[in-house]
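Just so it is clear, none of the values below were taken in a lab; they were calculated from the coordinates. Remember, it's a predicted structure, so these values are computed and weren't measured experimentally. Positions of Cβ are generated from backbone atoms using ideal geometry, with glycine treated the same way; all protein chains shown enter the neighbour counts.
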């Protein structure tokens, strides 16, 4: 322990199986146990929370941002009031960021020189000059207990020469920050930069640790790098920092991120995620993430997390929280955000306990799986929601009205809705019509036609979104290029029911759907397109259909229609693809679905978000082209697959499940530089994936 530092640190225990460590450090206000998470109060205010509530949970340190507080309310206000603690009614410690992150986040409004950075204020347009001296002077006025040296943060994708310039600037500014601190009793931490370059990280660590800071931080992560890169750089840099000082990983903060960073020897963390995701209705629980906007929670009387004792979980049901989030009520964001903060605090407490007990290695292994779970892979099964219904039914389908006023088709035996959580027309356009990139495909040299398979016609939402998109791009298509849209459906009652009440479904106020239902096809010479219906078993019908350039795969879920998500059917789809540029688009991002697509031969990538879903799925016959890049699943996804408890249920038999696992493990997507074959020949898998 170095006693002359303003953050005297005591290392109490180290995990015998790794680098995780538990300790304490003292600020001028109180004693802080590590590992520690610091909630973010950017503008001297916690998102949707009272400071007294967060203090009662037990958090010892909050983080505020120097740049934003420099602009408003300004240093003079803090000087007049007596500092940030009195200003925001917070009695424990405060750490202030230096403003260096804004050199990255506000890069378009920032000019960076040798001496200082110049910003244009987003409040009144005036020029703001931020130098090590002004940053430290502002932090002194704010009265934080822990200050940060001004650094130059750059994107992880910045080329190494420019990243090297940022490292040198960070070192010069670190010396000036120490000089500007003077004899203040506020602690000051230095920041190591260097992007994803091990060489630059070592250089920066040597420069910064040679200076007498009270602690040391790792900056410039969570700014575009992959998960594996973040882990590697954290482990490398942590090992270069002094043992007898607190180590701070800046701005990194899902629960899994915290677990992995503690495992690699870090002590302090901050992130906006608990409050930001709480505002969106996402809760972290002992059973994984819950997305409370999902209609499955509308009738659930369960607490948010049965293992949690916070007021949210003690007093409120998932149904009530679902209602608040869907209604846009401030209280919903507050309650879910408070639970998330409690979850973070408990996670840090449990990690500390396990380190002190010597059991962190096994705890880390168990939590890796738990923290990756979501309610999409572990769907809850409360009673099915019964939104206000119209008295309109046909066969196995009925029309129901959602709270936003739109109408949906519901499959009565399963309870599944078509486009269940999003506006159907918005989702159909974004997920299928836009991602298919009809304009680019139709403009390809030598192309005469474009064939799209619409698997799961339903109420024709995807088909009509495609025709409307084709109408937009038709002017840019090569002369003579025609669109052929082939819709596959076994039961046409959903379309019949929708057409009977087309006043409720705006996309059906067109002659094409009625013609397809009546005659099995619709032609338009003006649009240069043909829409054909193939009614019957999809596996039989696709054998005689024209091979597709694009596949919109929108059947009911695996639980309701497992046959259409089975390995034999998706293998057949892959074989029927027109060529290596053929892509399949689907709403599901479940591990089970992606695994079977990989086993069928597709390269699998993340698709666009839709509604509360952060990702959908694109399956391609080749790993992408320069004109059509794909965000292919990488080794991090494969590692998650290896740990997944769903692997045994991938196939219709244990033997088929094992075959799927074998194919996924050996897929060219996860084997750099290996040759993979699409339906028309070889394609080379990229050397690295996102």
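Tabulated data for the structure shown
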{"item": "Efficiency of FRET from Cβ geometry, residue 559 and residue 523, R₀ 51 Å, rounded to 0.05", "result": "0.85"}
{"item": "Nearest-0.05 FRET efficiency for residue 368 and residue 129, computed from C-beta distance (R0 45 Å)", "result": "0.50"}
{"item": "Size-normalised alpha-carbon gyration radius of the chain, reference 2.2 N^0.38 Å", "result": "1.07"}
{"item": "Bridge type composition, region 408-632 - antiparallel percent by DSSP, nearest 5", "result": "45 percent"}
{"item": "Between region 136-201 and region 212-283, the alpha-carbon center distance in angstrom", "result": "16 Å"}
{"item": "If the convex hull is drawn through the Cα atoms of region 9-273, its volume per residue in Å³", "result": "121 Å³"}
{"item": "DSSP bridge orientation in the chain - percent antiparallel, rounded to nearest 5", "result": "50 percent"}
{"item": "Fraction of antiparallel bridges per DSSP, region 9-273 only, in percent to nearest 5", "result": "40 percent"}
{"item": "Simple label model, 7 Å out from Cα along Cβ direction - residue 89 to residue 329, nm", "result": "2.3 nm"}
{"item": "For region 216-317: rounded, prolate or oblate by the Cα gyration tensor [a/c cutoff 1.5]", "result": "prolate"}
{"item": "P(r) histogram, all alpha-carbon pairs of region 47-152 included - 5 Å bins from 0, percent", "result": "2, 12, 23, 22, 18, 13, 7, 3, 1"}
{"item": "Histogram of C-alpha separations across region 541-617, 5 Å bin width, %", "result": "3, 15, 26, 29, 17, 8, 2, 0"}
{"item": "Contact order relative to length of the chain, as percent, for alpha carbon pairs under 8 angstrom and 6 or more apart", "result": "9 percent"}
{"item": "Full-stretch length increase - residue 55, residue 30 - with 0.36 nm per residue and alpha-carbon distance subtracted", "result": "7.7 nm"}
{"item": "Residue 640-residue 243 pseudo-label distance in nm [points 7 Å out on the Cα-to-Cβ vector]", "result": "3.7 nm"}
{"item": "Euclidean distance between Cα centres, region 517-550 to region 27-96, Å", "result": "62 Å"}
{"item": "Percent of Cα-Cα distances greater than 19 Å, calculated over region 168-281", "result": "46 percent"}
{"item": "Over region 236-388, relative contact order from alpha-carbon pairs under 8 Å, at least 6 apart, %", "result": "27 percent"}
{"item": "Spread of Cα-to-Cα distances over 5 Å intervals beginning at zero, given as percent, for region 228-379", "result": "2, 9, 18, 20, 18, 13, 9, 7, 3, 1, 0"}
{"item": "Förster-model FRET efficiency, 22 Å R0, residue 309 and residue 45, C-beta, rounded to 0.05", "result": "0.25"}
{"item": "Quotient of C-alpha Rg and 2.2 N^0.38 Å, computed over region 127-200", "result": "1.19"}
{"item": "Distance between modelled label sites at residue 272 and residue 183, nm, 7 Å Cα→Cβ extension", "result": "4.0 nm"}
{"item": "Solvent-free Debye scattering, log10 I(q)/I(0), computed from the Cα coordinates of region 438-545 at q = 0.18, 0.19, 0.20 Å⁻¹", "result": "-0.87, -0.95, -1.03"}
{"item": "At q = 0.11, 0.23 Å⁻¹, base-10 log of I(q)/I(0) for region 501-588 (Debye sum, equal scatterers on each alpha carbon)", "result": "-0.41, -1.27"}
{"item": "Burial ranking of peptide ranges 147-158, 490-501 (average Cβ count within 10 Å, highest at the top)", "result": "147-158, 490-501"}
{"item": "Kirkwood-type radius of region 408-632, with distances r between different C-alpha atoms, in Å", "result": "17.6 Å"}
{"item": "Packing-based ranking, highest mean first, of 628-641, 438-451 given that Cβ atoms within 10 Å are counted", "result": "628-641, 438-451"}
{"item": "Packing-based ranking, highest mean first, of 189-197, 212-220 given that Cβ atoms within 10 Å are counted", "result": "189-197, 212-220"}
